[in-house]
Amino acid sequence: MSQARHSGEPSSRSPRAVRDVVFVDGVRTPFGRAGEKGIYAGTRADDLMVKCIRELLRRNPALPAARIDEVAVAATTQTGDQGLTLGRTAALLAGLPRTVPGFAIDRMCAGAMTAVTTTASGIGFGAYDVVIAGGVEHMGNHPMGSGADPNPRFMSERLVDPAALNMGNTAENLHDRFPAITKERTDAYAVASQDKLAAAYANGQIQPDLVPVATLKPGEGWTLNTVDEPPRPGTTLADLAALRTPFRAHGRVTAGNAAGLNDGATAAVLASSDAAAELGLPVRMRLVSYAYAGVEPEVMGIGPVPATEKALKNAGLTIGDIGLFEINEAFAVQVLSFLDHFGISDDDPRVNRYGGAIAVGHPLASSGVRLMNQLARQFEEDPSVRYGITTMCIGLGMGATVIWENPHHRNYATIEGTAA
């Protein structure tokens, strides 16, 4: 220890500057339906992740693999083909140099989002220059909650409401808390999600982010999967009205106004702005701020509200500054509770322009990067928007929000007209 540090005098080293973090690129596999009939039945989760990592390197030849400083991969169920420190094993399987480290991470539905913000913090601090972050969930191989052993104190000491351990029940609880969010509203929102995704596919706005995945099934041979399996284009209100409510008799949550059980993987390249400039990498978004928040576990769907308020405060912004919203649609009631809180209409054109998880699927820990991919593409299409949000609810009562800036906006990276 130096004499100056030992004596309590300030170090002569200059203060560390926080560096800008940029989103370079993101990809994902087509999402599949979990189960024996799904496109990824018989496919390993880690192989889906490898597809994403290799595609990122193929799409970005200016990025030397040896310059990747970290690989962070999220999964909610970290056993079997989703175990063994996924970030490290996926990096090795993808052919990255053995000098590239990796780790696994779990924050349930916000796993990939946490992988992004955790490694982004490392970039901002100066520990990394370039990282790969993402998530995978094979809910066919690992049904939700499989192998989990909740501590009996949760129930015996009433630490949480029993409904908190079943996400569908928490969505029904949100309906109870906000009676203005009727089943008719959630069904209408769900139909709109399907319609918007179908339109985005027709316009070629989804396909550029997808990594084709070849799968082999006994008796069927090889299939090249190039589109998402869950969407149900043409869904009507009448279709949804006829569905049963599995979580509560005469309830409001159905398979039609909630995300399904899905398989899929996502990955993104993040870098410091300096490293991106040095390597000639594209800048698709700049990270402005992020926040996580806890809420009552039995109404976990309200989590995006305090997380967004916190992220906005950290950024010195208001909800009125946000021109695009990518909100994960675990349940329609969860999205509508967010919109109602901030005074945003159900059909606001800023919200989920390409549809959302109700239509495209929600493979838990992978979904955060899907939101980022879609926001980045919308930034490219709409330079008039300066700030956008990616946000989601998280099991056991949490919310996550990341605010991004559009590099195509005329005031990008300026503060009151002055270069930042």
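The values are calculated or read from the model by the stated rules, or taken from the named source; none is laboratory data. Because the structure is predicted, anything quoted here is derived from the model rather than measured. A quick note on method: Cβ atoms are made from the backbone with ideal geometry, for glycine too, and the neighbour counts reach across all protein chains shown. The accessibility values were calculated without ligands, DNA or RNA, using every heavy atom of the protein model including side chains. Shrake-Rupley method; radii C 1.70, N 1.55, O 1.52, S 1.80 Å.
Conditions tested, residue by residue: (1) assigned to a loop (DSSP other than H, G, I, E, B); (2) on the phi > 0 side of the Ramachandran plot; (3) in contact with a strand residue (DSSP E or B) (Cβ under 6 Å, 6 or more places away or on another chain).
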site: VAL227; (1), (2), (3): yes, no, no
site: PRO231; (1), (2), (3): yes, no, no
site: HIS250; (1), (2), (3): yes, yes, no
site: GLY256; (1), (2), (3): yes, no, no
site: ALA268; (1), (2), (3): no, no, yes
site: ASP274; (1), (2), (3): no, no, no
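Being modelled with pLDDT of 95 or more, open to solvent by 10 Å² or more (accessible area, probe 1.4 Å) and outside any loop (DSSP other than H, G, I, E, B) holds for only one residue in GLY122, GLY140, and it is GLY122.
Between GLY8, GLY26, GLY38, GLY32, the distinction of being at pLDDT 95 or above, farther than 29 Å from GLY388 by Cα and open to solvent by less than 70 Å² (accessible area, probe 1.4 Å) belongs to GLY38 only. Condition check: among the small types (Gly, Ala, Ser), in contact with a helix residue (DSSP H, G or I) (Cβ under 6 Å, 6 or more places away or on another chain) and open to solvent by less than 10 Å² (accessible area, probe 1.4 Å). Does ALA357 satisfy that? For ALA357, the condition - among the small types (Gly, Ala, Ser), in contact with a helix residue (DSSP H, G or I) (Cβ under 6 Å, 6 or more places away or on another chain) and open to solvent by less than 10 Å² (accessible area, probe 1.4 Å) - is not met. In region 244-269, of all residues being open to solvent by less than 70 Å² (accessible area, probe 1.4 Å) and aliphatic (A, V, I, L, M), the one that is farthest from LEU287 (Cα to Cα) corresponds to VAL253.
When SER366 is evaluated against the numbered criteria (1) in contact (Cβ under 8 Å) with a residue 40 or more places away in the chain; (2) small (Gly, Ala, Ser); (3) surrounded by fewer than 24 Cβ atoms within 10 Å (Cβ to Cβ); (4) not in a strand (DSSP E or B), which criterion, by number, is the only one it fails? It fails just one condition, (3).
Selection over region 308-354 of residues that are part of a loop (DSSP other than H, G, I, E, B), hydrophobic (A, V, I, L, M, F, W, C) and without any contact (Cβ under 8 Å) to a residue 60 or more places away in the chain gives a count of 2.
For region 390-407, the criterion of being open to solvent by 10 Å² or more (accessible area, probe 1.4 Å) and assigned to a helix (DSSP H, G or I) is met by no residue. The number of residues in region 43-88 being closer than 16 Å to GLU137 by Cβ, among the small types (Gly, Ala, Ser) and open to solvent by 60 Å² or more (accessible area, probe 1.4 Å) comes to 1.
Applying the criterion of being over 17 Å from VAL130 (Cα atoms) and outside any strand (DSSP E or B) to the residues of region 96-109, the residue that is most open to solvent (accessible area, probe 1.4 Å) is ASP106. The residues of region 291-304 that are surrounded by fewer than 24 Cβ atoms within 10 Å (Cβ to Cβ) and either in contact with a strand residue (DSSP E or B) (Cβ under 7 Å, 6 or more places away or on another chain) or without any contact (Cβ under 8 Å) to a residue 40 or more places away in the chain (or both), listed by number, are ALA291, TYR292, ALA293, GLY294, VAL295.
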